[in-house]
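See below for the structure under consideration.
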Amino acid sequence: MTKDAFTPGTEARFAAARHVADAVLFEGYVLYPYRASAAKNRLRWQFGVLVPPSWGAAAEENGFQLTECLMEPRTGAELSVEVRFLRAQRRTVEEPREDGTFAPTGELRLADRVLVPWDEGVEERVTLVVPVGGLRGDGIVLPFTRPAAEEAEEVTDTDGHALGRLVRRREEISGALRISEAELDGPYRVQRLSVTVENTSAWTAEPDADRHAALPYSLLATHTLLRLDGGSFLSMTDPPEWARGAVAACRNLNTWPVLAGEPGRDDLMLSSPIILEDHPAIAPESPGALYDATEIDEILALRTAALTDEEKREARGTDARAAAVIELADTMPPEVLERLHGAVRGLQSVTGPPKPGGGILEPETPWWDPGGDTGVDPGSDHVIVGGRAVRAGSRVVLRPRLRRTDAQDLFLDGHSALVEAVLHDVDGGVHLAVTVEDDPGADIRREQGRFLYFQPDEVETPEDV
């Protein structure tokens, strides 16, 4: 017996993953500079797009996602599934006529924003709870349909006079969710779970139809959340050694599953059209959704705040989410913006032992300061090259190696250089900081500390040449 209502425990677990899933759902939804007129906002919906069958056959785009992962369910366990996607809602702008009707227009200019035609994204969910024992063999199929709809919103001025209207249209879309499991051979009780999300919409593409015409009938930014109320999933990225062969045999088409939620728990899986690592998380410094994760939050915030007033008016009229980005950038406190400049995490193991009363016992000299380790001295340390000691002041001949260098270093092959320092990195490697002797800017580089770096097996002593 299947059901679509989650228990409070499952709902709480899914809520822990939806924060990251929202970043997937709206990745690339609207890109900086957040205006419909921007060139890069004219080709949208790049991830997790499942097109209707008639269009996929013509355009060679995907109409389904297949997720396969491994699980170890306990007896009587239930599997909860939530498929999430966006549905394109086509918004047109109309202006009033003298006869009281409305006619389409390219823009409607208001005091605070400029309204233009745009495809809005409406979130949709398909949910299912099923006993794992009922998925053996062919499993189950859950068809779903979202009906067509049309809505009109009147746009008025501050006095209530009609300035125009927005008409939003959604087309009917249909799909199917297919779930099955199979127990694998071997000493461990492991099952392979298969989840397919498919677009089955009956829309028939015209001979000259383009991608823009197919989008209202597509499932956009599609991804799946899975939860076991008893048992665990295995990591598909870093599985235990005994499961590596079974993981390699799993098929994942147009999506990739990772463990979700907080680290240390394995009852939750997110299958995403964007490749993620296990237990992905939003950086705590991020002040809000900016929808353009290929950029850096700090850069986006600064660039958005620097938009002209006219550009901000158009962005506000493009989409409600774009308007929220403008508001976020304009009202961000300095201390929040400062946090976006960068963060260093995970330094506890190298900053010192715990204090008796709690906290970290910090050393007098930071770990990154050369003076923090009295066992090394870049000015006097040496390394053996060809049986000879090489230290600061030694002359060497550069012999860069193809396996770990770039084209610029290759131009220096055979050049004489002066060793400025012998450096040790935290991984135990040794590097020679050098200046090239026939470089006219060597004195400036030396003064500024802008050296070139080579490993000991990339140099020769002059006596060996």
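Descriptive notes on the structure:
- Helix content alone sets the calculated 222 nm mean residue ellipticity of the chain: runs of n ≥ 4 DSSP H residues at -39500 (n - 2.57) each, divided across all residues, give -5000 deg cm²/dmol.
- The chain - Kirkwood radius from inverse mean 1/r over Cα pairs (Å): 27.4
- Taking 7 Å steps out from each Cα toward its Cβ at ALA149 and GLN46 produces label points 3.0 nm apart.
- Across the chain, the relative contact order, built from alpha-carbon pairs under 8 Å that are at least six residues apart, equals 16 percent.
- Placing a label point 7 Å from the Cα of GLU285 along the Cα-to-Cβ line, the residues of the stretch 310-345 whose backbone N sits under 16 Å from it are 333-345.
- Sulfur and carbon atoms: percent of accessible area, the chain [1.4 Å]: 51
- Relative counts (whole %) of C-alpha pair distances in the stretch 32-162, using bins that are 10 Å wide: 8, 26, 26, 19, 13, 7, 2, 0
- Distance from the Cα centroid of the stretch 5-48 to that of the stretch 170-192 is 24 Å (rounded to whole angstrom).
- Solvent exposure of the stretch 138-218 amounts to 55 Å² per residue of accessible area, where only protein heavy atoms count and the probe is 1.4 Å.
- Sorting the segments 261-269, 304-312, 330-338, 201-209 by their mean number of nearby beta carbons within 10 angstrom, highest to lowest, gives 261-269, 304-312, 201-209, 330-338.
The values are calculated or read from the model by the stated rules, or taken from the named source; none is laboratory data. Bear in mind that the values here come from a model prediction, so they are computed numbers and not experimental data. Ideal geometry is used to build each Cβ from the backbone, glycine not excepted, and the neighbour counts take in all protein chains shown. Note: areas computed on protein heavy atoms with side chains; ligands, DNA, RNA excluded. Shrake-Rupley method; radii C 1.70, N 1.55, O 1.52, S 1.80 Å.
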